[in-house]
Amino acid sequence: MRVFNFSPGPSALPLPVLEKAAIEMTDTNGTGQSVMEMSHRSKDFKPIIEKTESLLRELMGIPANYKVLFLQGGASLQFSMVPLNLAAGDAPGKGKKAAYIDTGIWSDKAIKEGAKYAAVEVRASSKDKAYSYIPAAPQPQADDAYYHITLNNTIVGTKWDKIPDTGSVPLVSDISSCILSEPIDVSRFGILYAGAQKNLGPAGTTVVIIREDLIRKTPDWVPVMLRYDTHAAEGSMYNTPPCYGIYMIGLVLEWIKNSGGAEAIAGINRDKAGMFYNYLETSKMFYSPVEKQYRSLMNIPFITKEQDEAKKTELESRFVKEAAAAGLVNLAGHRLVGGMRASIYNAMPVDGVKALISFMEKFES
Ligand SMILES: *Cc1c(COP(=O)(O)O)cnc(C)c1O
């Protein structure tokens, strides 16, 4: 029996995608081979990567002057690649100025890594209130090499309610946990990047969407694998790309297209999140710690109103355990913030959210 999986990542995949992958596991497109066994340079694999890219372009409305790259190393490697490619100087530590907004644990990691290669300035932070809101975004400075935000904050459950206008300074965003959850105006950004394992497919592939003028020659000391120009020049095939992940992303994108595209998926996501937040508003036991205006559609942390710390810990661990026994798994909050969290990515059906709410009502009573 399949469970309802609320994992923040790697997370649930749509059942029709898994079933199609299972059917094609040993023989894909009549080639007599698994995708895992194909040469990445073969005529068999070419249509697979091309289909994935063209579906992504279609579903996200990616303009023609942007390149799509399929890389490895996760979103975390982009914390290094962005500064290395947009701001690196003659040597590490001698980079150009870059603006960052600190909205959570992932932003903070991007900031710490960025500071090795760029002169990072944190222009705003919501750390003062445990990252429960999105701070006002100050104007960029004319000599900023780029301006970095985390659009959806997976751990604390916030999202930017509007995209800041950074003028001619390239806006760079980590969209790991919200890619294709809602339509996005790609033209407002210089670079968008996402690890696939939240909303796109299995772990191991990172999608980078980059405006062509930002693919520049970087200083010679920057490693060949960490340069966007290397991967862009070779169509993500400088070395062996994550072939199976690219294939799986293609199946997920096909499923999104069959579900009506980004707008239709967004409608379902708003319904799911709306239902859950409404329940939390009326609950006597649980609440959302996030300011209303900035609540994520994808990741919903919640905590009990119990004041006594020991009782609270006991209650919350009992909740997570009993939920799992009822087929609602991976509801523990992030180890750094505690409490509970329901990640309800695209693949979480409406019935999963309904089942969680009715379990919580029963637990309360
Ligand atoms: C999960 C996550 C990451 C880390 O992704 P990896 O692919 O594991 O490196 C970074 N940023 C955000 C917003 C995430 O949700």
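The values are calculated or read from the model by the stated rules, or taken from the named source; none is laboratory data. Fair warning: this is a prediction, and the values are worked out from it, not measured in the lab. Heads up, the Cβs are rebuilt from the backbone with ideal geometry, glycines too, and the neighbour counts pull from every protein chain shown. Please note that ligands, DNA and RNA were not included when accessible areas were found on the heavy atoms of the full protein model with its side chains. Shrake-Rupley method; radii C 1.70, N 1.55, O 1.52, S 1.80 Å.
In the calculated pair distance distribution of the range 58-179, what percentage of Cα-Cα distances lie above 20 Å? Kindly include the intermediate steps, with their values, before the conclusion.
Working: 3175 of 7381 pairs.
Pairs farther apart than 20 Å: 43 percent.
Going from the alpha-carbon gyration tensor of the range 201-256, what semi-axes, largest first and in whole Å, does one get by taking the root of 5 times each eigenvalue? Show your work: numbers first, answer last.
Details: eigenvalues 129, 33, 15 Å².
Working through the eigenvalues yields semi-axes of 25, 13, 9 Å.
Here the peptides 342-348, 352-358, 74-80, 259-265 are ranked by packing, the mean other Cβ count within 10 Å, and the order with the highest first is 342-348, 74-80, 352-358, 259-265.
Dividing the convex hull volume of the alpha-carbon atoms in the range 104-253 by its residue count gives 126 Å³ per residue. Computed with a 1.4 Å probe on the full set of protein chains, the accessible area for S168 sits at about 110 Å². Volume per residue of the convex hull around the Cα atoms, evaluated for the range 134-223, comes out as 130 Å³. Between V208, V320, V252, the Gaussian network model of the chain with springs among Cα atoms under 10 angstrom shows the greatest mean-square fluctuation at V320.
Kindly state, as a whole number, the per residue volume in cubic angstrom of the convex hull around the alpha carbon atoms of the chain. Show your work: numbers first, answer last.
Details: hull volume 49.0 nm³, N = 365.
Here the figure is 134 Å³ per residue.
Listed by chain and number, the aspartates and glutamates whose alpha-carbon sits under 14 Å from that of K312, ignoring those within fewer than 8 places in the same chain, are E364.
For the range 189-333, what Kirkwood radius comes out of the mean inverse Cα-Cα distance, in Å? Present the calculation step by step, with values, prior to reporting the outcome.
Details: mean 1/r = 0.0519 Å⁻¹.
Kirkwood radius, the range 189-333: 19.3 Å.
The separation of the range 155-199 from the range 292-307, counted between C-alpha centres, amounts to 21 Å. Entry note, the range 72-219: relative contact order of 24 percent, from Cα contacts under 8 Å with a spacing of 6+ residues.
What the Cα atoms of the range 1-121 give is an Rg and a Dmax of 19.7, 57 Å.
Order the following by accessible area, largest value first: K305, K321, K97, K272. Probe radius 1.4 Å; ligands, DNA and RNA are ignored. Could the numbers behind the result be given before it?
Working: K305 90, K321 160, K97 40, K272 0 Å².
Order by accessible area, largest first: K321, K305, K97, K272.
Per-atom-type breakdown for the chain gives carbon and sulfur 54% of the accessible area (1.4 Å probe, protein chains only).
Entry note, the chain: relative contact order of 22 percent, from Cα contacts under 8 Å with a spacing of 6+ residues.
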